[in-house]
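Some notes on the structure that comes next.
The values are calculated or read from the model by the stated rules, or taken from the named source; none is laboratory data. Computed from a prediction, not measured in an experiment: that's the story for all the values here. Here the Cβ positions follow ideal geometry from the backbone for every residue, glycine too, while neighbour counts run over all protein chains shown.
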């Protein structure tokens with residue numbers, strides 16, 4: 001049975017699954033990368049994701065508008081990002097503890113809203129695949145890369161855009177400066193608080209969009225606890241990718257391909273305990289973070305409170 005894993009059909013299926021499954025990780029990880037590059041560690045990504053997933057699902061269920069669903073998810077995520085910014089930047093609370101608090105809030109609130117407003121499992125008409133003319137006809141890779149839903153395209157397009165913003169724009173320079181040396185940035189007239197608020201709000205919006213990609217694009221349903229730790233994996237991918245969008249992309253694809261592999265193992269009935277197959281992506285994450293070595297270091301001011309003199 002295990003020989004089937006090495007057939008062309010299955011390998012292409014794993015790659016196709018990996019591309020789709022990378023979508024929520026890319027949105028959440030890139031948003032978190034912006035936040036961490038400015039010095040704010042947001043461990044509440046998971047809570048933002050699942051609340052965004054519910055918001056998108058519920059709005060689409062009530063309105064049949066996918067655009068409104070996406071906007072609702074991003075709006076909820078942005079609001080939670082704003083709250084995270086207020087707690088971390090203005091109140092100067094411990095970022096790790098407050099992040100866990102926001103995670104628990106998002107998890108509990110999504111459960112409460114689902115039980116109150118929906119109550120049972122419902123499905124919605126989510127994003128369908130949008131083949132790109134001509135490109136989707138390329139043998140083998142055409143159907144893999146150019147016959148996906150719009151959120152998949154957007155997630156992968158976000159990588160070069162985020163890289164350009166961080167490395168080639170004044171805004172990116174300010175974000176990096178605030179995350180490395182907020183005192184020096186402040187002396188040059190950069191508002192540390194405004195930059196950190198901006199990145200936490202942007203990161204929250206991306207986490208909400210990440211949740212929407214689950215509930216109205218990948219699964220077309222909302223379930224309690226459906227994010228299943230993906231927000232925490234997104235935070236880990238930022239470290240794996242050395243706080244760079246292209247590095248995050250590599251990590252997201254590696255993780256999602258292994259995730260796709262474990263799904264195919266279960267579908268084919270390979271003689272491997274199902275519990276082990278489900279654990280494979282998370283075991284990989286731990287191993288990669290443990291043995292990986294990079295010349296890039298953590299942003300110097302990450303999790304550090306900045307108090308402006310005078």
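Worth pointing out:
- Within segment 211-229, the set of residues being surrounded by 24 or more Cβ atoms within 10 Å (Cβ to Cβ) and under 22 Å from residue 251 (Cβ atoms) comprises 211, 212, 213, 214, 217, 227.
- When segment 18-28 is filtered for residues that are buried (at least 24 other Cβ atoms within 10 Å of the Cβ) and over 14 Å from residue 229 (Cβ atoms), the ones remaining, listed by number, are 22, 23, 26, 27.
- Residue match in segment 57-79 (condition: part of a helix (DSSP H, G or I) and closer than 30 Å to residue 265 by Cβ): yes
- Selection from segment 95-113 of residues that are in contact with a helix residue (DSSP H, G or I) (Cβ under 9 Å, 6 or more places away or on another chain), farther than 27 Å from residue 221 by Cα and either loosely packed, with under 14 Cβ neighbours inside 10 Å or touching a residue at least 60 places away in the same chain (Cβ under 8 Å) (or both): 95
- Residue within segment 120-140 that is without any contact (Cβ under 8 Å) to a residue 40 or more places away in the chain, crowded, with 19+ Cβ neighbours inside 10 Å and out of contact with any strand residue (DSSP E or B) (no Cβ under 6 Å at 6 or more places or on another chain) present: no
- Counting only helices (runs of 4 or more DSSP H) that fall entirely inside segment 166-244 and contain at least 3 residues that are closer than 12 Å to residue 36 by Cα, the qualifying elements are 170-180, 192-213, 230-240.
- Taken as a whole, the condition of being out of contact with any strand residue (DSSP E or B) (no Cβ under 6 Å at 6 or more places or on another chain), closer than 18 Å to residue 213 by Cα and part of a helix (DSSP H, G or I) applies to residue 50.
- Against the criterion of being touching a strand residue (DSSP E or B) at 6+ places or on another chain (Cβ under 7 Å), in contact (Cβ under 8 Å) with a residue 12 or more places away in the chain and more than 11 Å from residue 27 (Cβ to Cβ), residue 221 qualifies.
- Residue in segment 24-35 that is more than 20 Å from residue 166 (Cβ to Cβ), in contact with a helix residue (DSSP H, G or I) (Cβ under 8 Å, 6 or more places away or on another chain) and in contact (Cβ under 8 Å) with a residue 24 or more places away in the chain present: yes
- Residues being modelled with pLDDT of 95 or more, surrounded by 14 or more Cβ atoms within 10 Å (Cβ to Cβ), within 17 Å of the chain's Cα centre (by Cα) and farther than 21 Å from residue 78 by Cβ are entirely absent from segment 173-180.
- Filter result for residue 191 (out of contact with any strand residue (DSSP E or B) (no Cβ under 7 Å at 6 or more places or on another chain) and without any contact (Cβ under 8 Å) to a residue 24 or more places away in the chain): yes
- Condition check for residue 302: in contact with a helix residue (DSSP H, G or I) (Cβ under 7 Å, 6 or more places away or on another chain), at pLDDT 70 or above and either farther than 24 Å from residue 159 by Cα or surrounded by 16 or more Cβ atoms within 10 Å (Cβ to Cβ) (or both): yes
- Failed item in (1) over 30 Å from residue 173 (Cβ atoms); (2) touching a residue at least 12 places away in the same chain (Cβ under 8 Å); (3) surrounded by fewer than 24 Cβ atoms within 10 Å (Cβ to Cβ); (4) in contact with a helix residue (DSSP H, G or I) (Cβ under 8 Å, 6 or more places away or on another chain), with residue 56 passing the rest: (3)
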